1. Within region 125-169, find all residues whose amide N lies under 19 Å from a label point positioned 7 Å from the Cα of residue 46 along Cα-to-beta-carbon.
2. Expressed in nm to one decimal, what extension gain is obtained for the pair residue 5 and residue 96 from 0.36 nm per residue of sequence separation less their Cα-Cα distance?
3. Determine, for each peptide in 66-72, 157-163, the mean count of other beta carbons within 10 angstrom over its residues, then list the peptides with the highest first.
4. What whole-number volume per residue, in cubic angstrom, does the convex hull of the C-alpha atoms of region 45-168 give?
5. Rounded to the nearest 5, what % of DSSP beta bridges with both residues in the chain are antiparallel?
6. Taking the chain as a Gaussian network, where each spring joins two C-alpha atoms under 10 Å apart, which residue of 53, 73, 153 fluctuates the most?
7. If you take the beta carbon distance between residue 29 and residue 165 as r and set R0 to 35 Å, what does 1/(1 + (r/R0)^6) give as a FRET efficiency, to the nearest 0.05?
8. Does anyone have the angle between helix 4-44 and the longest principal axis of the chain? Alpha-carbon axes, 0 to 90°, nearest 10?
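Here, each number is a calculation from the coordinates, and none is a lab measurement. Values in this document were obtained by computation on a predicted structure and should not be read as measured data. In this analysis, Cβ positions are derived from the backbone assuming ideal geometry, glycine residues included, and neighbour counts consider all displayed protein chains.
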């Protein structure tokens, strides 16, 4: 016959195990809800007008979903507030290289143009973090200097029109 201490110890272990699996289930449920919400964002916002009305964080979530559709493993920046220029961190398997890494800056602008300052900052962060590529995604457009600077570098500029094409692909 088991002693009272052994029975109590077994009950505590059982409760701890149930609590652990309950928290794991809750975490997985929250992650699923986030994925469903992101997909809803992507399917409901298929015009520039709608994209420009999104909050900055919803625009980042939409952009993450878009890159996930292209096979990237994405992770948003967990820092709240100043993010140091990086909104999204990405990785992708490649045939020629073990992994390709990239960072993304999202600029949800109504009419303002993305300037060369943003592109230079991202280029610097590319080297600082040792990633392979940089993406700057905007609902607007880029200045001419941005395209000149990005030429020949692993910097991808995605303006509003290109973004729409990606969404509809």
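1. Backbone N within reach: 160-169.
2. 26.8 nm
3. Packing proxy ranking, top to bottom: 157-163, 66-72.
4. In region 45-168, the Cα convex hull volume per residue is 109 Å³.
5. If I count the DSSP bridges inside the chain, around 50 percent turn out antiparallel.
6. It is 153.
7. For R0 = 35 Å, the calculated efficiency reads 0.55.
8. It works out to around 20 degrees.
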